[in-house]
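Below: one structure, written as structure tokens.
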Amino acid sequence: MFRLSHYMKQLVAPTPVRSRKGPVRPVVIWNLTRRCNLKCRHCYAVAADHYFPGELTTSEAEAVLDDLAAFRIPALILSGGEPLSRADTLDLARRAKSHGLYTALSTNGTPIAGKIADDVASIGFDYVGISLDGIGATNDWFRGLDGAFDAALSGVRECVARGIKVGLRFTMTSDNARQLPELLALADREGVAKFYLSHLVYAGRGNKHRGDDTRGSETRSGLDLLLERAWRAVADGDDFEVVTGNNDADAVYFLQWAAERFPADRVAHVRAHLEAWGGNSSGLGVANIDTQGIVHPDTYWSGYAAGNVRERPFSAIWQDTSEPMLAALRTRPRPLKGRCGACAHKSVCGGNTRIRALQLTGDPWAADPACYLSDAEVGLNVSMAIDGRAEVTPFRGISHDPAHRYL
């Protein structure tokens, strides 16, 4: 996840670049259930409104929570499906908070009303992310249910009224990109704290509909709008946050924006911060536990299993240095090929989202097809050979800021 607002603030109020020693603990995104009252076109979990067998029991989930807390992960995101469709989700959240874990909820927002809204507030979630994929009928078409927009917006208002930090999550495609300005305006009107734009990932139903992905010009127009909104917040001293996810080329695009407006030394300072962040963090600073207890490098990489928490604790799985894909994902630079391998900004982007390359080519190290930067912008020219692998060196540590940056 690229914290646009955070790095934009570095342009006006620089802070020292932080380095991190020792192993990186991942933010864990935990899909508690596949059950969901909606059927979104881009759902990576292929969720539906029925019971799915084999999900972790309450006692199994509690044991996982205890291990995550002992492992000192920086943040836990409870997701689904719709996590609030699982009867014990709020009890698990209470347990997570009792361990002192930064705990976030990723929800479609429709169940948040009345007692559930009161419970969400009393638990003290550090953040609640509510997904909208457009205004009114556009959102309802994306999410497969008439009235989904109104119900989700009601959930947003219930959270804001109770003082819960809430943000809007928006997956941009060619079918809804035109409504990004309206969604940002909605966020302002409703008093939400954060806006998260997710680029489409080719996983689950998102892979089925990958032809709906934005064109490069649409992506750039969307980023221009987000840059404008984020800068207005920074200039006004507003705490409104803008973040993006699943396309780390956004960080490079931001550097280009900064270079046109700020002195070279400030841009170099921000680049140093971005290199310390390191871009895509799948298998390193991000982990996923699915509904069956299987551990993946991220939420979209369902085809690769690093282990199962029913057989070994998460902490043991994540620290197993013999696990080949996790080891490869933790190298810097990664063994990237094509444009990504030859890119001049690998230290900032980290190779972007590997699952898109895997879905289109069968090779997780091929170029990310959703990179919207031109050859010139990534430092390529006609004389460069871009078919070879990048040189790989062992990972020696990437700094990560405190857990509150996570969605």
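Observations, loosely collected:
- Hits in segment 94-125 - residues which are open to solvent by less than 30 Å² (accessible area, probe 1.4 Å) and of a type in the set (Phe, Trp, Tyr): Phe125
- Qualifying positions in segment 17-37 - assigned to a loop (DSSP other than H, G, I, E, B) and open to solvent by less than 70 Å² (accessible area, probe 1.4 Å): Val17, Gly22, Val24, Arg25, Pro26, Leu32, Thr33, Cys36, Asn37
- Among residues of segment 84-106, those that are part of a loop (DSSP other than H, G, I, E, B) and either over 22 Å from Glu62 (Cβ atoms) or touching a helix residue (DSSP H, G or I) at 6+ places or on another chain (Cβ under 8 Å) (or both), counted: 5
- Any hit, segment 58-77, residues being of a type in the set (Asp, Glu) and either in a loop (DSSP other than H, G, I, E, B) or buried (at least 20 other Cβ atoms within 10 Å of the Cβ) (or both): no
- For Gly211, the conditions (1) surrounded by fewer than 22 Cβ atoms within 10 Å (Cβ to Cβ); (2) in contact with a His (Cβ under 9 Å, 6 or more places away or on another chain) are fulfilled apart from (2).
- Looking across segment 300-346 at every residue that is β-branched (Val, Ile, Thr) and without any contact (Cβ under 8 Å) to a residue 40 or more places away in the chain, the one that is nearest to Gly81 (Cα to Cα) is identified as Ile317.
- Gly350 meets the stated requirement of being touching a helix residue (DSSP H, G or I) at 6+ places or on another chain (Cβ under 9 Å), within 15 Å of Val24 (Cβ to Cβ) and either surrounded by fewer than 22 Cβ atoms within 10 Å (Cβ to Cβ) or at pLDDT 95 or above (or both).
- Residues located in segment 38-51, provided they are part of a loop (DSSP other than H, G, I, E, B) and on the phi < 0 side of the Ramachandran plot: Leu38, Lys39, Cys40, Arg41, His42, Cys43, Tyr44, Ala45, Ala47, Asp49, His50, Tyr51
- The listed residue being on the phi > 0 side of the Ramachandran plot, more than 21 Å from the chain's Cα centre (by Cα) and assigned to a loop (DSSP other than H, G, I, E, B), out of Gly109, Gly54, Gly81, Gly134: Gly54
- Only a single item in (1) closer than 30 Å to Phe142 by Cβ; (2) outside any helix (DSSP H, G or I); (3) open to solvent by 10 Å² or more (accessible area, probe 1.4 Å); (4) out of contact with any Phe, Trp or Tyr (no Cβ under 9 Å at 6 or more places or on another chain) is not met by His6, and it is number (2).
- Here is the figure for segment 278-297: residues that are over 14 Å from Val24 (Cβ atoms) and touching a helix residue (DSSP H, G or I) at 6+ places or on another chain (Cβ under 9 Å) total 3.
- The single condition among (1) within 22 Å of the chain's Cα centre (by Cα); (2) surrounded by fewer than 23 Cβ atoms within 10 Å (Cβ to Cβ) that Cys40 does not meet is (2).
- Against the test of being at pLDDT below 95 and of a type in the set (Lys, Arg), the options Arg332, Arg312 yield a single qualifying residue, Arg332.
- Residue identified as under 20 Å from the mean Cα position of the chain (by Cα) and either modelled with pLDDT under 95 or open to solvent by less than 10 Å² (accessible area, probe 1.4 Å) (or both) among Gly206, Gly155: Gly206
- Considering residues of segment 78-93 that are of a type in the set (Ser, Thr, Tyr) and over 15 Å from Ile123 (Cβ atoms) only, the residue surrounded by the most Cβ atoms within 10 Å (Cβ to Cβ): Ser79
The values are calculated or read from the model by the stated rules, or taken from the named source; none is laboratory data. Just so you know, these numbers come straight off a predicted model, no measurement behind them. Here Cβ is always computed from backbone atoms with ideal geometry, including for glycine, and neighbour counts include all displayed protein chains. Just the protein is used for accessible areas: all its heavy atoms, side chains included, with ligands, DNA and RNA removed. Shrake-Rupley method; radii C 1.70, N 1.55, O 1.52, S 1.80 Å.
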